[in-house]
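Remarks on the structure that follows.
Nothing in this text is a laboratory measurement; each read-out follows from the coordinates by a stated rule. Fair warning: this is a prediction, and the values are worked out from it, not measured in the lab. So basically every Cβ, Gly included, is an ideal-geometry build from the backbone, and we count neighbours across all protein chains shown.
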Amino acid sequence: MNLDILNSIRHYIMIAESGSFKDAAHKLNISPSVLTRSIQALEAYLNTPLIIRTTRSLKLTTAGLTYLESVRQIITTLDKANSAIKKLHQIKPYGTINLSMPGIMQGEPHIGFFAKFSRAYPDIILNINNNMSPFQLINNQADIVISEFNINDKQFNREILYSINKRVFAAPKYLEQYGKPSTINDLQQHNCLLYAPASPAGIWEFAKRTKVKIKSNYRVESGVSIIPAAVAGIGLIWVEEDLVKAEVAEGKLVPIDIKPGVYSCLLNLYYLPTAYTGIVRLLIDEIIKYFSDYQNIQRLLKL
């Protein structure tokens, strides 16, 4: 059944309830001739006359009476369904999303995304922790995990957000006092500020899968606090280049060239296939779009 026939059924019900074509046409805000053609199309579709019309009156045929009773129920049910769907779309998304991600993402430049999301969806609560293990998903400790860990497991889906370039940075006053390391082994002679969720075993992993066990007397669970600590001269940090652009530009931190070079890793988003619904799906889609746009902007800035 197409929409034209559905409209004709509504027209037919209005005629039956109004008792005349003229009154029905007025209520429907259409011309009597348009209404007449609509009923003719419905009768042709059914191959059955529904209305007996004279110059003074009209009455429904036996088939017309039977048809009226049935289509009234159908149209009532359809209108209720349409109304319910419209109300559903009018309901603002709400609920709680448990999100695990590096604390370093809770500062510039990425905090702007979460601020925008919170303004757009004020009834969604983001419950954030810094544990980056995707296996939180399995025991329902997280709905979404953003992590540098590269884990391929059939239990959850993985989306690659973008490639991160990590380097070692230090404050000028730290380097003046302790000197500048030039190799990975030199790091063992320095105090390295440890972001525990990203390096739970106290190991920094560089290019070509080169690892070093670092010495640290300053460990944090939030990546946001590790940058000010480095600026204060407490020790070296190993972070994404984009996150300390402002500090480097202001001379508060300087990059250190450690052989064998800058380490590139992937930032991944993990979620359970069964969780890709509702507000969780909404946030996943928004995050993926944000990082796609962010990566494109970074490429343009480097041209």
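Once both axes come from the Cα atoms, what is the angle between helix 278-302 and the longest principal axis of the chain, in degrees from 0 to 90, rounded to 10?
Roughly 50 degrees, rounded to the nearest 10.
Which whole-percent values make up P(r) of the range 52-145 when all C-alpha to C-alpha distances are grouped in 5 Å steps starting at zero?
Here the calculated profile for the range 52-145 is 2, 10, 11, 12, 10, 8, 6, 6, 5, 5, 5, 5, 5, 4, 3, 2, 0.
Under a 10 Å cutoff between Cα atoms, tell me which one of 28, 253, 161 has the largest fluctuation in the Gaussian network model of the chain.
Top of the fluctuation ranking is 28.
Expected output is a single nm value to one decimal: the length gained when fully extending between residue 120 and residue 140, i.e. 0.36 nm times separation in residues minus the C-alpha distance. What is it? Don't skip to the answer; put the middle values down first.
Working: separation 20, 0.36 × 20 = 7.20 nm, distance 2.59 nm.
Length difference between fully extended and current span is 4.6 nm.
For the cross-link pairs 215/252; 80/116; 173/259; 166/215; 215/259, which exceed 26 Å when the distance is taken from alpha carbon to alpha carbon?
80/116
Within the chain, what's the longest run with no GluC sites (Glu not before Pro) in a DSSP loop and at most 15 other beta-carbon atoms within 10 Å? Give the range, please. Kindly include the intermediate steps, with their values, before the conclusion.
Numbers: sites that count: 221, 250.
Longest gap between qualifying sites, sites excluded: 1-220.
Expressed as an acute angle from 0 to 90° and rounded to the nearest 10, what is the orientation of the C-alpha long axis of helix 111-120 relative to the principal long axis of the chain?
20 degrees
Quick one, which of (i) 1.20; (ii) 1.72; (iii) 1.05 is the actual Cα Rg over 2.2 N^0.38 Å calculated for this model?
(ii)
Do any trypsin sites (Lys or Arg not before Pro) in the range 29-80 lie in a DSSP loop with no more than 16 other beta carbon atoms within 10 Å, and if so, which?
Numbers: sites: 37, 53, 56, 59, 72, 80; in loops: 56.
Sparse-neighbourhood loop trypsin sites (Lys or Arg not before Pro): 56.
Calculate, in nm to one decimal, what residue 17 and residue 155 gain on full extension: separation in residues at 0.36 nm each, minus their alpha carbon distance. Numbers along the way, then the final one.
Numbers: separation 138, 0.36 × 138 = 49.68 nm, distance 5.93 nm.
Contour length minus the Cα-Cα distance gives 43.7 nm.
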